[in-house]
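Okay, structure first, notes after.
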Amino acid sequence: MKRFITILFLLIIPVALYSQRFKGGILLGLNVSQIDGDSYAGFNKAGLVAGAYVFTEFTENWSAQMEIRYAEKGSSTPFNYSDPIKYRLQYVEIPLVVKYKLFKNFKLEAGLSFGYLFAAAQKDAAGYFQFEEIPDRTETAICIGLTYDLFDRLTVGARGSYSLFPIWGDPLESYGKGAWFNSVITFGLYYRIEGKQN
């Protein structure tokens, strides 16, 4: 938790000092996710993404964006699975990405996301119950995506992210036994409150 608060503080201070250079808005999206290492393959877990973002433009083609958002991740067995299991991981996340305009309205983005796990539960046929051993409270993930400006204020995007370090277990143990990694695809809508992007 202390590490997360420190990262948040370091990221927010420059925004406060140079707020005149930043524009922002709100975001809403959907995560489809799986946990690599839990033996349940497939992006079967859907979850809400919601928050706010700020961005600044360095040149006509280069910009940077920071978000703070709620994000639900996890994994689930397929719908028709005989012994259904679902893992629900709820994070507060701060993605920080650099964006490059490929051509009109399209931007490529890449960066890192820092997350804090504030709630974790698993579900079987009887309902939700708490993990016996809570996954790591902090997550650092690499992310890459593509956005498209539909209108002056509205942007749509798709972004993939993957944990750089295990969220649970020992990475030196064999796959599926000791190391879990979040693997997530996010589909999002970004609405700019004011201002126009290049």
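In the stretch 30-192, Cα pairs under 8 Å separated by at least six residues give a relative contact order of 21 percent. Evaluated with a Cβ-only charge set (Lys, Arg +1; Asp, Glu -1), the stretch 30-192 carries a dipole of roughly 560 debye about its Cα centre, given to the nearest 20. Within the shell defined by Cβ-Cβ distances under 11 Å, the residues around Thr56 carry a net charge of +2, with Lys and Arg each +1 and Asp and Glu each -1.
Where a number appears in this text, it was derived from the coordinates with a stated rule and is not lab data. Just so it is clear, the model here is predicted, and its values are computed rather than measured. Note that we place each Cβ from the backbone using ideal geometry, even for glycine, and neighbour counts take in every protein chain shown.
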